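Reading through the structure tokens given below for one structure.
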Amino acid sequence: MSAAACISSFPPPPIASAAPVPEMATIDVVVANQTPVIAAGAKSSCDEEVAVGGRTVRRPRAVARTLECERRAVGEGFALRRGIGRPELESLDPFISLDEFEFSPPAGFHDHPHRGFENVTYMLEGGFSYSDFSGHKGTINTGDVQWMTAGRGVVHAEMPSGHGVQRGINLWINLSSKDKMYSHLLLPCASLISRSNGGYYATVADSRSPCRAMIACRVEPRYQELASHDIPAAERDGVSVKVIAGEALGARSPLQTRTPALCLDVAMRPGARLRTPVPSGWSACAYVIDGEAVFGDGDGDASGEDAAGAHTFVVFGDDGGCADGVAARATERAAARFLLVAARPHGEAVVKDGPFVMNTREEVEQARDDYRNRRNGFEMAAGWSSDHTATAAAH
């Protein structure tokens, strides 16, 4: 929840003077997943067989790098510790940013737009209130999570819900190009667009006459919220896990993520150990919230690995696609709590500009123009302002 990224730099235009623009013909585009899948029990390119998608972790990921996340004040009442989105690690496909944030009045994020990513807010302490241009509003408190899919466009406000410091973790997950506003396709002009399994597919009829098509995708804003007591949890051998997204220790989250993802809040007693599967090929990382933990398959002291303390960000390697999970243990001298996140990368170009995450500079400029002119997903912003903004204007 970067102040620079979330606070809109685009003031609402005079709507009355905006010229109406015809809407583009719109269809949903479904692009088949081309990621190769290794069947369970099949031989991979690794030196030994690995259980892909299974429950047994045979080859845990090694730690590729660690970053200390220093507290940085950003304006009055707001501070953050940044893991992803800093000069040393600008992104980790598909993750755009990961912050531990703290804010208190008068800080807040007044009406601002988003497009092109999923915004995850997990509260560690206190709460924040939100409202958007569709009338969706509410408050999430300690232990609650909000998983918002911005898709083609959303305008909302987020404010601290009480006095004192509100603290949480904010994660931006990039969407595939097919889930943003526009998909640029090079199709034969004689292609036939047909509907199947809830999407549209192009059937090549004449490959001699290619033409470029820009198709608008109707990925509407979506909010999924889970109260702390509704987040599935499991406990085993001194390890407790809250499954925010994905599955672990037999517990599965009901959240449906647009980009396949895993998000776990892990708490470990001193000396406890955990091995949890993570699909090969996915990007994976961890942020230590409290205590200290050792990641990887070694014993820490014996292999030269150092314990990662509070506010340390850890990036895992993938061993050329051979690693099948993550291993962690708390040291004997302290408990540990960390957030483990992983997701399937898109392998696409990314251009991030403030509140927009698109694939090209032209698409970012289009998003900015759409917001200014209240079109292509931002229509409901015309004439809308949040209660927070209205209250601030009255004073």
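No lab work stands behind these numbers, since they all come straight from the coordinates. Note that this is a predicted model, so its numbers are computed, not measured. Positions of Cβ are backbone-derived with ideal geometry, glycine not excepted, and every protein chain shown enters the neighbour counts.
Cβ-to-Cβ counts within 10 Å put THR259, THR149 in ascending order as THR259, THR149, the fewest first.
Straight-distance candidates among the aspartates and glutamates for linking to LYS352, with alpha-carbon spacing under 15 Å and chain neighbours fewer than 8 residues away dropped: GLU90, ASP93, GLU118, GLU362, GLU363, GLU365.
Take every pair of alpha-carbon atoms less than 8 Å apart whose residues are at least six positions apart; their mean separation over the length of the stretch 307-395 yields a relative contact order of 10 percent.
Kirkwood radius for the stretch 218-310, taken over all pairs of different Cα atoms as the inverse mean of 1/r, rounds to 15.1 Å. Considering all different alpha carbon pairs of the stretch 80-135, the Kirkwood hydrodynamic radius works out to 13.5 Å. Ordering 358-368, 221-231 by mean Cβ neighbour count within 10 Å, with the highest value first, yields 358-368, 221-231. The order of the peptides 159-165, 126-132 by mean Cβ neighbours within 10 Å, most packed first, is 126-132, 159-165.
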